[in-house]
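In what follows, a structure is listed as structure tokens, so that the remarks can point back to it.
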Amino acid sequence: MIPPIANRFVAGESPAQALDHVRQLNGRNVRAIVNLLGEHHDDRPPVRSDAAEYRALAGDIANSNLEATISIKPSQLGLDLGEDIFREELEDVVAAAADHGVFVWIDMEDHTTTDVTLDAFEDLAREYGGDDEYRVGVCVQANLKRTRADVERLADVPGKVRFVKGAYNEPDEISYSSSARVNHEYEALLEYAFEHYDRGIAVGSHDPAMIDRAIELHEEHGTEFEIQMLMGVRDDAQYELAAEYPVYQYVPYGDRWKSYMYRRVTERKENLWFALRAILGR
């Protein structure tokens with residue numbers, strides 16, 4: 001049994017529980033991004049096991065006619081064991097998901113994984129995507145000083161890009177530490193993307209100011225976009241926004257929920273306050 005606090009942010013321990021949550025979301029016009037909890041595997045068997053579960057999950061989503069995608073962390077698919085293992089497992093998952101018509105998000109972890117993750121995304125997006133349909137997406141983080149150049153590089157890649165502020169405690173020499181500067185960078189990235197991207201923009205934020213800015217940019221440029229929020233955070237706002245715009249909820253599940261909650265809190269002290277505000281409904 002997942003305790004009440006964790007249960008707010010985690011859909012359950014089994015795929016069936018996660019998909020039942022997705023079904024309820026779809027009933028309120030909210031779509032889902034389903035993530036099997038797990039990261040930083042240092043042995044091949046759990047990598048193979050998680051990859052196999054993602055392939056099966058893609059089939060379950062398709063067979064259930066649910067509005068859902070899947071999302072994977074690179075270290076979950078063996079990046080800590082080597083780039084070749086990560087690439088092999090990721091391509092197998094993307095291929096299986098593409099067969100079922102299910103979209104795959106590649107999450108971004110700390111700065112040491114950025115180059116490998118972006119390279120894998122670009123290769124797979126060009127292999128499986130096209131002018132009319134995208135099959136894979138990636139996340140970029142506004143707190144990293146390199147991200148402006150990354151966003152320019154990705155403008156012509158046939159995939160989606162999720163924009164987030166960044167949750168990892170990165171070294172000062174490569175990142176912005178003040179929230180005001182991160183907000184400035186986030187808004188600048190959105191402005192560039194809405195002006196230069198044809199479509200495929202995902203606004204991964206709970207900040208009402210940034211969501212409002214994205215809506216303004218959408219109305220100005222006509223660029224397609226979606227809003228993404230975490231399970232358990234501003235749920236009422238998700239339902240309200242979904243009446244007018246595509247909204248996706250990030251839905252984690254699995255028996256590794258303890259390590260998930262612990263990592264999120266310890267990666268940055270701001271994450272603890274973020275979780276507490278969510279629990280208090282602020």
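Below are the figures for this structure:
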{"read-out": "Qualifying residue in the stretch 155-167 (condition: more than 15 Å from E109 (Cβ to Cβ), open to solvent by 50 Å² or more (accessible area, probe 1.4 Å), assigned to a helix (DSSP H, G or I) and not charged (D, E, K, R))", "value": "no"}
{"read-out": "Hits in the stretch 65-123 (condition: of a type in the set (F, W, Y) and in a helix (DSSP H, G or I))", "value": "F86, F121"}
{"read-out": "Strands (runs of 3 or more DSSP E) completely within the stretch 200-260 that count 3 or more residues being closer than 17 Å to A188 by Cα", "value": "201-204"}
{"read-out": "Residue within the stretch 132-149 that is of a type in the set (G, A, S), within 24 Å of H41 (Cβ to Cβ) and not in a loop (DSSP other than H, G, I, E, B) present", "value": "yes"}
{"read-out": "Among the residues listed as A209, A242, A193, A237, the single one being open to solvent by less than 10 Å² (accessible area, probe 1.4 Å), among the small types (G, A, S) and under 22 Å from V30 (Cβ atoms)", "value": "A242"}
{"read-out": "Pairs, first over 16 Å from Y134 (Cβ atoms) in the stretch 194-206, second in a loop (DSSP other than H, G, I, E, B) and of a type in the set (D, E, K, R), C-beta under 7 Å, six or more apart", "value": "S205/K165; H206/R234"}
{"read-out": "Residue match in the stretch 24-37 (condition: surrounded by fewer than 15 Cβ atoms within 10 Å (Cβ to Cβ) and among the basic types (K, R))", "value": "yes"}
{"read-out": "Cross-chain or 6+ apart pairs with Cβ under 7 Å, the stretch 21-43 first and in a loop (DSSP other than H, G, I, E, B) and small (G, A, S), then modelled with pLDDT of 95 or more and crowded, with 22+ Cβ neighbours inside 10 Å", "value": "G38/D50; G38/Q76"}
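Yes/no matrix, rows are residues, columns are (1) surrounded by 14 or more Cβ atoms within 10 Å (Cβ to Cβ); (2) touching a Ser or Thr at 6+ places or on another chain (Cβ under 7 Å); (3) more than 24 Å from T117 (Cα to Cα); (4) in contact (Cβ under 8 Å) with a residue 12 or more places away in the chain:
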| site | (1), (2), (3), (4) |
| --- | --- |
| E13 | yes, no, yes, yes |
| L66 | yes, no, yes, yes |
| I70 | yes, no, no, yes |
| D80 | yes, no, no, yes |
| V102 | yes, yes, no, yes |
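The values are calculated or read from the model by the stated rules, or taken from the named source; none is laboratory data. These numbers come from a predicted model, not from an experiment. Methodologically, a virtual Cβ is constructed for each residue, glycine included, from the backbone with ideal geometry; neighbour enumeration extends over all protein chains shown. Just the protein is used for accessible areas: all its heavy atoms, side chains included, with ligands, DNA and RNA removed. Shrake-Rupley method; radii C 1.70, N 1.55, O 1.52, S 1.80 Å.
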